[in-house]
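The values are calculated or read from the model by the stated rules, or taken from the named source; none is laboratory data. Please read these numbers as outputs of a predicted model, since none were measured by experiment. Don't worry about glycine lacking a Cβ; one is built from the backbone with ideal geometry, like all the others, and counts go over all protein chains shown. Heads up: the accessible areas ignore ligands, DNA and RNA and are worked out on the full protein's heavy atoms, side chains in. Shrake-Rupley method; radii C 1.70, N 1.55, O 1.52, S 1.80 Å.
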Amino acid sequence: FVYLKRQLEFSQAEEVRELDLAGVYFLEEPRRVYPAGSMAAAVVGFVNIDNEGNEGLEYQYEEVLRGQPGTLLVETDPSGRVIPQGQYQVEPAEPGSDLVTTLDLDIQFSAESACSVMVEKSGAARCTVVVLQPETGEVLAMAVIPTFDPGRRDEVDDPDVYQNAAVRSTYEPGSTLKLVTVAAALEEGVVRPDTLFPGVPYEHEVVPHACDSDRDDIYGCFTDFKYHEPADMTVKEIVTASSNVGTILIGERLGDAALRHYLSAFALGVRTRIDFSGEAAGAVNVDPTCGSCAASAAIGYSVAVTPLQMAAAYGAIANDGIWIQPHLVEEIVDGEGRVRPVRPARHQVVSSETARTMRILLENVVEEGTGVAAQVPGFSVAGKTGTAERSTASGYDSSSNVASFVGMAPADDPKLVVAVVVDAPSFEFRTGGLSAAPVFAEVMEKALHRLGVGPDVL
């Protein structure tokens, strides 16, 4: 036999049935239904026409979800009629297990809505949001816009929309990665918040002649975002102003080997091992033979990360220095109602004292630095903006940026971490403070209210 058409709507099948065509038969079969439509589609994924998981959690947990079909063995006469007293054997079906995800649909809706508005306003290619509970590693929202409806995939023109960018796509984070450099320096005791760096210049050369105007072929000349005369700056002021040169000077005190260690400890350049297929590991390049790579890594270049990795890294600072493996499934319930909870991995990255100090420094960024647009009424917020030129096959594109903001609230005792990445926004929204921070503020405010977290700022 051959299939003429599968999974017709019932009304269409009835029209064909009424034609009473010889040799044409009908077979009823189940079809997966997605009641939430496009909500969290990049996470949930979808099945193929045979109900086999092809993407997302559907694929990751295919063997857990599908169960095993049963069989019925009976004895029949030559005409196929069952013999009443014949052999009869039943192998019961084993129902598949249920997944209890960590996603909160209200927070997911808020994240997708805020992302959609920013994509429309800024003309960005994509917006990604991750909302994480730092004490548990539970992912409460994972939004990727543009999105799709898994039940209407015939309307999708670009299959790339199926990709969960929060887990599979990497980018150079820029200044949000300065959290690692500064936290490492504090932990190693080479600086304190009030440590003074005298005469921090606008331009800093880490490779000889790299800043010569006629030597574009040499990498190793770093500048701050805006021109300024040499200025005395403390570590606190360097973080607040997001000074590239100041952060590189901190990184030089820390040393390349220690920077490599802490990048690894914060789980950058390695997979978080979240329960989702196709996770990107990212990359960290602090090659000792590369004269400029360590300086680049200190300020968020020469490092490729996923939005999820950055959320987890900030989660470690929010969780008093303990990094917890993020996860999307809270528990698995089998057909008999037995519950198998998920137990994420964890490890100490920095001390609780260093984590608290970093939260104070990051809080100042939101109060008076580059992240003022991330403020949430009634709550203290600690976070960092990031603005990085997009890398291409031929180098960096100075006309196109990846804008981001990662932060936590309430700053003193964070209940949530929100990471926002806006890819290729228009010039008007080119920085993390202009595009990602407002999305963060909207998502964080609604999520805190959703969880019943009380204000901590009068």
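Quick look at the numbers
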item	result
Average Cα contact separation per residue, the chain, under 8 Å, 6 or more apart, as relative contact order %	17 percent
Whole-number accessible area per residue in Å² for the range 32-109, which is evaluated in the context of all protein chains at 1.4 Å	64 Å²
Mean separation of Cα contacts under 8 Å, 6 or more apart, over the residue count of the range 117-212: relative contact order %	15 percent
Within the accessible area of the chain (1.4 Å probe), percent carbon and sulfur	49 percent
Exposure ranking of SER391, SER380, SER116 by accessible area [1.4 Å probe, largest first]	SER391, SER116, SER380
Exposure of LEU308 as accessible area (Å², to 10), given a probe of 1.4 Å and all protein chains	0 Å²
Cα gyration tensor category, rounded, prolate or oblate, for the range 57-101 with a/c compared to 1.5	prolate
Peptide ranges 438-449, 232-243 listed from the most packed, as the mean C-beta count within 10 angstrom indicates	438-449, 232-243
Listed residues ASN51, PRO69, ALA36: farthest to the positive end of the dipole of the range 18-76 (Cβ charges)	ALA36
Gyration tensor verdict on the chain (Cα atoms; rounded if a/c is under 1.5, prolate if a/b is larger than b/c, oblate otherwise)	prolate
Estimated dipole of the range 363-426 in Debye, rounded to 20 [Cβ of Lys and Arg +1, of Asp and Glu -1, Cα centre]	180 debye
Top positive-direction residue, dipole computed over the chain with Cβ charges, set PHE10, TYR227, LEU140	TYR227
Magnitude of the charge dipole, the range 1-70, Cβ model with Lys/Arg +1 and Asp/Glu -1, debye to 20	100 debye
Cα gyration tensor shape for the range 12-107, rounded if a/c is under 1.5, else prolate or oblate	oblate
Cross-link pairs LYS226/LYS446; LYS178/LYS415; LYS121/LYS446 - those with Cα-Cα distance over 30 Å	LYS226/LYS446
Spin-label pair ASP456/GLU330, simplified geometry with 7 Å Cα→Cβ offset, distance in nm	2.3 nm
Cα-centred dipole magnitude for the chain, charges only on beta-carbon of K, R (+1) and D, E (-1), debye, nearest 20	720 debye
Solvent accessible area, Å² - THR385, 1.4 Å probe, full protein context	10 Å²
Rg/Rh ratio calculated on Cα atoms of the range 270-349 (Kirkwood radius)	1.12
Relative contact order of the range 330-426, pairs being alpha-carbon contacts under 8 Å that are 6 or more residues apart, as %	19 percent
Accessible solvent surface per residue of the range 347-433, calculated while the other protein chains remain in place, 1.4 angstrom probe, Å²	38 Å²
Euclidean distance between Cα centres, the range 75-128 to the range 398-449, Å	32 Å
Distance from the range 165-215 to the range 1-66 (C-alpha centre basis), Å	52 Å
Extension gain (nm, one decimal) between GLU75 and ARG192, 0.36 nm per residue minus Cα-Cα	33.8 nm
HIS204 accessible area, assembled protein chains, probe 1.4 Å, Å²	30 Å²
Ranked packing of 146-158, 288-300, 312-324, most packed first, by mean Cβ within 10 Å	312-324, 288-300, 146-158
